[in-house]
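Q: Would you mind keeping the following structure in view while I ask a few things?
The values are calculated or read from the model by the stated rules, or taken from the named source; none is laboratory data. Here the structure is a predicted model, which is why all the values come from computation and not from measurement. Cβ placement follows ideal geometry from the backbone for every residue including glycine, while neighbour counts extend to all protein chains displayed.
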């Protein structure tokens, strides 16, 4: 048949590119003490930017997990079947140490290197990052019980992805999940009703229903239950040492907006064997160790999603023409893209700073631990809030093509609200900042010291810093103003980092666009006079 049309002026395929050719990421990697890992980071970035990895991500989200409660003979199996691409993504993440490997690595910067690789690999597919993040965060919580840590930590940190229902201590590597929330409580875990009854053998038996259990195919779960001593953290294996299934029954998988490659389940404990982690009755302080890690990963994941969306938007604009010129040369589109690039770079720079604080805090730096306490909570609130707006604007840069599944942009958009909800939604995160300031005055001083390091570099910044200091001194109606206070804290922190570490055009554009009197409320409102070319140059994908 004769051709009825020819295809022209469609954007070229993104193709293979190196996701690690990201100046903000590489600069942060070196600045935060992990320059020694650049070769490994670049290897992950090359893989993450490949067509093959994007195909794995598409397959894992198209053919979503399926729950098998029973086998063909009627026996309960409580297993989740995944598309094979999901296991490939998991295997690569574990092999490169994006899970708990840094806890076994004595090198300074190990947690920064891990954050950089997690940031890159999540650009290929973010859903499988959930169990990777859980496993990372489980280790410091587990260390509250040295005997359990001695048995399980070497397997949690091992670079071996060993999927399947077998006794955990007989496997070559383990993945950890998290089973905290219940129907009636949500973020208020003290309202949990799951019961933990001690036995003569020294363990407990758990009975209750969990509303959201992340990564239900994991080998072990950290969970909360009401013991006689009060709310307590427990380690629950899915398979017992004799090979029998623990009484952990998967009731159903959640039908979620996004994060579809990763299963989330309701589960029932029906006398499940569990081992206490930490002091009985001190479950919340124990689990806070895990929350610190997962909230940091929320920041990393959202920064990763912003970078992935930005790369797609810039590439499209560079290879599609409109009104007689490449889209990227149209003034308003350049303004939008540069604004998206500013948001992405600020998020990445904050992410690497927080990863550096994490690395130094776990090595005993009390000042960095104080800064981390407030910095992670502030970053978790703000970066995860910004990602959905960023994803929507980046999608719009592709026009109707961006609304089509084949572009990959709808998946980025659907996944974008998750990190804002996970580990405490916006109100919880903002109120946690207020609690940290009230309970840990040293964290306020550490945070302000970080901000004051950039004082005098920019008039807009100095005015914002003075406004923040006045705001923090006024505690009246603090809860009502919590969101606006934390927003200002986040913006001044990002501006401080960019003024000290980013190229001058980037830093000046950010301060005037985010802290200046003429700042806009949508992307693409950079004021006249901003030089967008240096900003866009740092955003372009490189092959």
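Q: Would you say residue 310 is under 19 Å from the mean Cα position of the chain (by Cα) and either closer than 30 Å to residue 21 by Cα or buried (at least 18 other Cβ atoms within 10 Å of the Cβ) (or both)? Break it down stepwise before answering.
A: Working: under 19 Å from the mean Cα position of the chain (by Cα): yes; either closer than 30 Å to residue 21 by Cα or buried (at least 18 other Cβ atoms within 10 Å of the Cβ) (or both): yes.
Taking the combined requirement at face value, the residue satisfies it.
Q: Also, I was wondering about something else. Considering 511, 504, which residue is farther than 15 Å from residue 348 by Cβ and loosely packed, with under 14 Cβ neighbours inside 10 Å? Talk me through it step by step, then tell me what you get.
A: Working: 511 fails: loosely packed, with under 14 Cβ neighbours inside 10 Å.
On inspection, the qualifying residue turns out to be 504.
Q: Can you report the number of residues in the range 67-106 which are surrounded by 14 or more Cβ atoms within 10 Å (Cβ to Cβ) and either in a loop (DSSP other than H, G, I, E, B) or not assigned by TED's automatic domain parsing to the domain that holds residue 247 (or both)?
A: Number of matching residues: 8.
Q: Sticking with this structure for a sec: Do you know which residues across the range 448-487 are free of Cβ contacts under 8 Å to residues at least 12 places away in the same chain and assigned to a loop (DSSP other than H, G, I, E, B)?
A: 455, 456, 474, 475, 476, 477, 480, 481
Q: Could you check the range 194-241 and list, in sequence order, the residues that are part of a loop (DSSP other than H, G, I, E, B) and either out of contact with any helix residue (DSSP H, G or I) (no Cβ under 9 Å at 6 or more places or on another chain) or within 15 Å of residue 271 (Cβ to Cβ) (or both)?
A: Filtering the range 194-241 for residues part of a loop (DSSP other than H, G, I, E, B) gives 194, 199-203, 215-219, 228-229, 238, 240-241.
If the condition is that a residue be part of a loop (DSSP other than H, G, I, E, B) and either out of contact with any helix residue (DSSP H, G or I) (no Cβ under 9 Å at 6 or more places or on another chain) or within 15 Å of residue 271 (Cβ to Cβ) (or both), then 194, 199, 200, 201, 202, 203, 216, 228, 229, 238, 240 are the ones that fit.
Q: Name the residue that is surrounded by the fewest Cβ atoms within 10 Å (Cβ to Cβ), counting only residues in the range 26-66 that are under 20 Å from residue 130 (Cβ atoms) and out of contact with any helix residue (DSSP H, G or I) (no Cβ under 9 Å at 6 or more places or on another chain).
A: 66
Q: Among the candidates 395, 342, 350, which residue alone is over 23 Å from residue 483 (Cα atoms) and either surrounded by 24 or more Cβ atoms within 10 Å (Cβ to Cβ) or in contact (Cβ under 8 Å) with a residue 24 or more places away in the chain (or both)? First the steps, then the outcome.
A: Values: 342 fails: over 23 Å from residue 483 (Cα atoms); 350 fails: over 23 Å from residue 483 (Cα atoms).
The match here is 395.
Q: Any residue in the range 17-25 that is assigned to a helix (DSSP H, G or I), touching a helix residue (DSSP H, G or I) at 6+ places or on another chain (Cβ under 8 Å) and under 30 Å from residue 157 (Cβ atoms)?
A: Within the range 17-25, one or more residues are assigned to a helix (DSSP H, G or I), touching a helix residue (DSSP H, G or I) at 6+ places or on another chain (Cβ under 8 Å) and under 30 Å from residue 157 (Cβ atoms).
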